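**Student:** Questions regarding the structure given below will be posed in turn.
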Amino acid sequence: MADREFDLFVIGAGSGGVRAARFSAAHGARVAVAEDRYLGGTCVNVGCVPKKLFVYASHFRDEMEDATSGFGWSVGPSSFDWPTLRDNKTREIERLNGIYEGLLRDAGVQHIEGRATIQDPHTVVVEGKSYSAENILVATGGWPTVPEIPGAELAVTSNEMFYLDELPRKAIIVGGGYIAVEFACIFQGLGVDVTELYRGPLFLRGFDDDVRSHLAEQIRGRGIDLRFDTNVTAIEKLDNGIRASLTDGSTLDADLILFATGRHPNAENLGLEEVGVEFGKGGAIVVDEYSRTNVPSIWAIGDVTDRINLTPVALHEGVCVSETLFNNNPRAPEYEYVPAAVFSQPPVGTVGLTEGEAKDKFGAIDVYRSTFRALKHTLTDGKERTLMKLIVDRASDRVVGLHMVGPEAGEIIQGFAVAMKAGATKADFDATIGVHPTSAEEFVTMRTPVGG
Ligand SMILES: Cc1cc2nc3c(=O)[nH]c(=O)nc-3n(C[C@H](O)[C@H](O)[C@H](O)COP(=O)(O)OP(=O)(O)OC[C@H]3O[C@@H](n4cnc5c(N)ncnc54)[C@H](O)[C@@H]3O)c2cc1C
């Protein structure tokens with residue numbers, strides 16, 4: 001190994017790349033990481049973190065309404081200033097960029113600024129300079145996909161949403177994945193008039209059907225104009241805004257159109273084709289169970305491999321690569337019981353199988369479901385209802401799916417994910433004492449199956 005400069009050269013200092021670089025260096029490897037845009041990658045700069053800050057900002061209007069309508073508070077005139085939120089958020093992200101720089105430095109990882117390409121299975125080029133490495137790890141993430149329709153350049157993607165000059169008065173959000181839903185709720189919470197369009201019959205494909213329909217009802221109830229089986233065919237500029245032509249023949253005017261129409265692996269023009277790396281569906285890099293490509297010295301993790309595109313999964317894959325390569329402990333990432341949240345209003349928390357998946361896998365299942373008005377809303381006019389659902393494999397009694405739409409669903413789901421990963425059965429849930437009064441206690445008090 002000694003005749004090459006590095007044991008590991010990581011391309012991309014995002015969630016997965018930074019984790020793999022730091023952990024590999026901690027095992028004694030000589031590591032470099034190249035980054036051409038921003039330290040911390042999508043999650044820190046234009047993903048999870050700034051989005052969650054915006055989600056917090058969007059909650060205050062509801063809180064103030066609840067406070068005054070039911071809880072006896074009176075609140076003076078209030079208003080929202082977009083530039084303050086945007087710029088405070090940007091300052092925090094810049095602070096995090098600095099923290100990432102420090103993390104790499106402290107771990108002894110060499111940070112190289114610039115766009116990296118692969119010249120051969122052991123050589124990476126950045127800004128005209130070649131670096132030799134025993135192993136190369138591609139962790140270049142994903143990028144928003146924009147539909148090819150006339151006027152598409154007039155719309156924005158999630159990347160631009162974090163830096164808008166002005167908050168629109170009226171926005172059209174196109175897409176049915178979690179990013180579209182989250183931005184629809186953020187904007188609506190900040191006072192924007194929102195229409196969300198999705199080309200399919202029901203959004204959030206891949207989530208449990210009850211969750212999908214329940215959330216659709218809740219966000220319609222909040223005043224979001226949610227339209228399914230509808231897409232945009234063209235966009236044109238108006239004197240004071242933009243106009244979208246829709247598949248149903250109608251038009252819709254707005255100040256802003258967001259395409260949240262999916263993301264694709266960021267694997268083009270990296271030199272991967274030239275060295276013979278295999279690509280799969282949608283341009284994802286194909287890897288084996290240890291995240292190794294068909295070229296033995298080249299590895300890939302995170303969104304560029306399009307397995308489960310979430311930050312904690314990219315982190316886990318990064319740890320596994322460092323264990324496999326530098327700690328004499330070959331470790332394949334595990335994808336069972338990965339919890340996930342949608343930070344909509346109300347939010348979604350989910351872990352394990354949907355009802356449909358559980359039926360296909362186990363045949364005989366029991367389904368427990370409860371919908372109710374959370375205690376907080378009993379003093380207000382709030383119409384929001386919480387949904388909680390458990391899916392149990394009848395043969396083993398294991399809880400194989402757990403889903404929630406309701407306040408703090410993301411926080412609640414994390415603890416249940418531990419129990420489910422450890423193999424908790426419905427009998428274990430039944431034997432667990434609830435925390436009263438909470439919504440979460442419903443998960444340990446549901447006794448009668450509603451179906452299977
Ligand atoms: C709006 C939005 C919200 C999200 N919210 C959540 C959430 O709430 N929870 C969650 O778990 N996940 C969320 N995600 C997904 C999460 O951000 C990704 O799954 C995660 O960032 C993937 O990590 P990664 O390491 O694969 O790639 P990234 O974090 O995308 O990092 C890739 C890095 O590689 C760099 N790069 C690319 N090409 C090169 C090159 N040739 N040379 C040098 N550098 C290069 C890029 O600049 C980037 O910094 C969200 C994503 C978006 C877009």
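The values are calculated or read from the model by the stated rules, or taken from the named source; none is laboratory data. Only a predicted model underlies this, so the values are computations on that prediction, with no experimental measurement involved. Please note: Cβ atoms are built from the backbone with ideal geometry, for glycine as well, and neighbour counts cover all protein chains shown. Protein only, heavy atoms only, side chains kept; ligands, DNA and RNA dropped before computing areas. Shrake-Rupley method; radii C 1.70, N 1.55, O 1.52, S 1.80 Å.
**Student:** Given the criterion in contact with a Phe, Trp or Tyr (Cβ under 8 Å, 6 or more places away or on another chain) and either modelled with pLDDT of 95 or more or open to solvent by less than 60 Å² (accessible area, probe 1.4 Å) (or both), identify the matching residue among VAL351, VAL367, VAL338. Let's see the steps before the verdict.
**Tutor:** Values: VAL367 fails: in contact with a Phe, Trp or Tyr (Cβ under 8 Å, 6 or more places away or on another chain); VAL338 fails: in contact with a Phe, Trp or Tyr (Cβ under 8 Å, 6 or more places away or on another chain).
None of the others qualify; the one that does is VAL351.
**Student:** Further question: Would you mind telling me which numbered condition in (1) assigned to a helix (DSSP H, G or I); (2) open to solvent by 10 Å² or more (accessible area, probe 1.4 Å); (3) within 14 Å of the ligand (Cβ to nearest atom); (4) touching a helix residue (DSSP H, G or I) at 6+ places or on another chain (Cβ under 8 Å) TYR163 fails?
**Tutor:** That leaves (1) as the condition not met.
**Student:** Is it the case, given these coordinates, that PHE416 is over 30 Å from PHE71 (Cβ atoms) and hydrophobic (A, V, I, L, M, F, W, C)?
**Tutor:** Criteria not met by PHE416.
**Student:** Further question on the same structure: Is it true that ASN88 is surrounded by 13 or more Cβ atoms within 10 Å (Cβ to Cβ), of a type in the set (S, T, N, Q) and under 30 Å from ARG105 (Cα atoms)? Talk me through it step by step, then tell me what you get.
**Tutor:** On the way: surrounded by 13 or more Cβ atoms within 10 Å (Cβ to Cβ): no; of a type in the set (S, T, N, Q): yes; under 30 Å from ARG105 (Cα atoms): yes.
No, not satisfied.
**Student:** Restricting attention to the stretch 100-118, and to residues there that are in a loop (DSSP other than H, G, I, E, B) and more than 13 Å from the ligand (Cβ to nearest atom), which single residue is most open to solvent (accessible area, probe 1.4 Å)?
**Tutor:** Residue satisfying both the conditions and the ranking: GLY108.
**Student:** Inside the stretch 178-196, can you point out the residues that are free of Cβ contacts under 8 Å to residues at least 60 places away in the same chain, more than 20 Å from HIS214 (Cβ to Cβ) and crowded, with 24+ Cβ neighbours inside 10 Å?
**Tutor:** Matches in the stretch 178-196: none.
**Student:** Still on this structure, I have one more. Looking at the structure I just gave you, is THR123 more than 24 Å from the chain's Cα centre (by Cα), without any contact (Cβ under 8 Å) to a residue 12 or more places away in the chain and open to solvent by less than 40 Å² (accessible area, probe 1.4 Å)?
**Tutor:** Working: more than 24 Å from the chain's Cα centre (by Cα): yes; without any contact (Cβ under 8 Å) to a residue 12 or more places away in the chain: yes; open to solvent by less than 40 Å² (accessible area, probe 1.4 Å): yes.
Here the answer is yes, as THR123 does meet what is asked.
**Student:** While we're looking at this one, here's another question. Check the stretch 267-278 and report whether any residue there is part of a loop (DSSP other than H, G, I, E, B), within 16 Å of the ligand (Cβ to nearest atom), surrounded by fewer than 20 Cβ atoms within 10 Å (Cβ to Cβ) and β-branched (Val, Ile, Thr). Spell out the reasoning first.
**Tutor:** Taking the stretch 267-278 and keeping what is part of a loop (DSSP other than H, G, I, E, B), we get 267-278.
From what's left, within 16 Å of the ligand (Cβ to nearest atom): 267-275, 277.
Next, from what is left, pick out any that are surrounded by fewer than 20 Cβ atoms within 10 Å (Cβ to Cβ): 268-269, 271, 273-275.
From the residues that got through so far, the ones that are β-branched (Val, Ile, Thr) too are 275.
Yes, that holds for at least one residue.
**Student:** Check off (1) in a helix (DSSP H, G or I); (2) touching a Pro at 6+ places or on another chain (Cβ under 8 Å) for VAL367 and give me the number that stays unchecked.
**Tutor:** (1)
**Student:** Another question, then. Write out, first by first residue and then by second, each pair whose Cβ atoms fall under 7 Å of each other, whose residues are 6+ apart or on separate chains, and whose first residue, in the stretch 26-43, is without any contact (Cβ under 8 Å) to a residue 40 or more places away in the chain and within 18 Å of VAL124 (Cβ to Cβ) while the second is within 7 Å of the ligand (Cβ to nearest atom) and open to solvent by less than 50 Å² (accessible area, probe 1.4 Å).
**Tutor:** As it stands, the answer is none, since no pair meets every condition given.
**Student:** Something else about it: When you go through PRO168, PRO150 one by one, which is the residue that is more than 16 Å from the ligand (Cβ to nearest atom), open to solvent by 50 Å² or more (accessible area, probe 1.4 Å) and of a type outside the set (Gly, Ala, Ser)?
**Tutor:** Within the list PRO168, PRO150, the selection yields PRO150.
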